[in-house]
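First comes the structure, then the notes that go with it.
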Amino acid sequence: MCVSTDGYKSEVRVMSMAELYRAAIELFRSYSIGCHLDQMKRLQDHSITEAQFAQFLGKSRMYQFLPNKEKKMLPEMFMTDTQINLVTKAYYNDEDFGRSADEKELSMWKMYNLLTGANKSSYIDSFLDRSLNAGELSTGICKALEGDNEYSWFIR
């Protein structure tokens, strides 16, 4: 299941049904289909090599053990070791989003789907946050491929 959005509200506090209704309407109004489609297209337009993917997997495992001072300088990553292992397994075994013999690179679209696929094992209270984070990681790595430094730590 691929969960994605151009916006996310992790919490809505209201005191009445009317406030809840207004908050829901505002959430729906703020959604930009054009922005969301551009984000998804960007994932199809970028790809990484197997070496960069391996670098991402290794750095992802290292991330949770970084000293807090270093971790604060990097974008957040919510995936656990178990989920990174699931991403790795799916890379080799998933018929739809894993590697194929004739492709030398992994599209960011496929990588995004590997990340969200591993997220299926998350508890309901962290599922949406981790899905959002998978999207942020994928689009951030696209930016790193274009020369942006914010997410470059994961692939360099």
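Of all residues in segment 118-156, those that are at pLDDT 90 or above, open to solvent by 10 Å² or more (accessible area, probe 1.4 Å) and either basic (Lys, Arg) or under 16 Å from Thr80 (Cβ atoms) (or both) total 1. With the condition kept exactly as written, say whether any residue in segment 126-139 is farther than 20 Å from His36 by Cα and in a helix (DSSP H, G or I). The answer is yes; a qualifying residue exists.
On the basis of being polar (S, T, N, Q) and over 19 Å from Ile141 (Cα atoms), does Ser16 make the cut?
On the way: polar (S, T, N, Q): yes; over 19 Å from Ile141 (Cα atoms): yes.
Criteria met by Ser16.
Scanning segment 43-52 for residues that are surrounded by fewer than 17 Cβ atoms within 10 Å (Cβ to Cβ) and assigned to a helix (DSSP H, G or I) gives Gln44, Asp45, Glu50, Ala51. Scoring Leu106 on the criteria (1) buried (at least 21 other Cβ atoms within 10 Å of the Cβ); (2) in a helix (DSSP H, G or I) leaves a single failure, condition (2). Mind listing whichever residues of segment 1-39 are open to solvent by less than 40 Å² (accessible area, probe 1.4 Å) and either on the phi > 0 side of the Ramachandran plot or at pLDDT 85 or above (or both)? Listed by number, the residues that qualify are Ala23, Ala24, Gly34. Is it the case that Ala101 is of a type in the set (Gly, Ala, Ser) and open to solvent by 80 Å² or more (accessible area, probe 1.4 Å)? Spelling it out, Ala101 is indeed of a type in the set (Gly, Ala, Ser) and open to solvent by 80 Å² or more (accessible area, probe 1.4 Å).
For every residue, the table says whether it meets (1) in contact with an Asp or Glu (Cβ under 6 Å, 6 or more places away or on another chain); (2) assigned to a loop (DSSP other than H, G, I, E, B); (3) touching a residue at least 24 places away in the same chain (Cβ under 8 Å); (4) open to solvent by less than 40 Å² (accessible area, probe 1.4 Å).
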site: Ala54; (1), (2), (3), (4): no, no, no, no
site: Leu57; (1), (2), (3), (4): no, no, yes, yes
site: Leu66; (1), (2), (3), (4): no, yes, no, yes
site: Met73; (1), (2), (3), (4): no, yes, no, no
site: Glu76; (1), (2), (3), (4): no, yes, yes, no
site: Thr82; (1), (2), (3), (4): no, no, yes, no
site: Val87; (1), (2), (3), (4): no, no, yes, yes
site: Tyr91; (1), (2), (3), (4): no, no, yes, yes
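Residues of segment 80-102 that are out of contact with any Phe, Trp or Tyr (no Cβ under 7 Å at 6 or more places or on another chain) and hydrophobic (A, V, I, L, M, F, W, C): Ile84, Leu86, Val87, Phe97, Ala101.
The values are calculated or read from the model by the stated rules, or taken from the named source; none is laboratory data. The shown structure was predicted, so the numbers you read here are calculated from the model rather than taken from an experiment. Cβ: placed from backbone, ideal geometry, glycine included. Neighbour counts: every protein chain shown. For the accessible areas, the whole protein counts, side chains as well, though only heavy atoms, and no ligand, DNA or RNA atoms are used. Shrake-Rupley method; radii C 1.70, N 1.55, O 1.52, S 1.80 Å.
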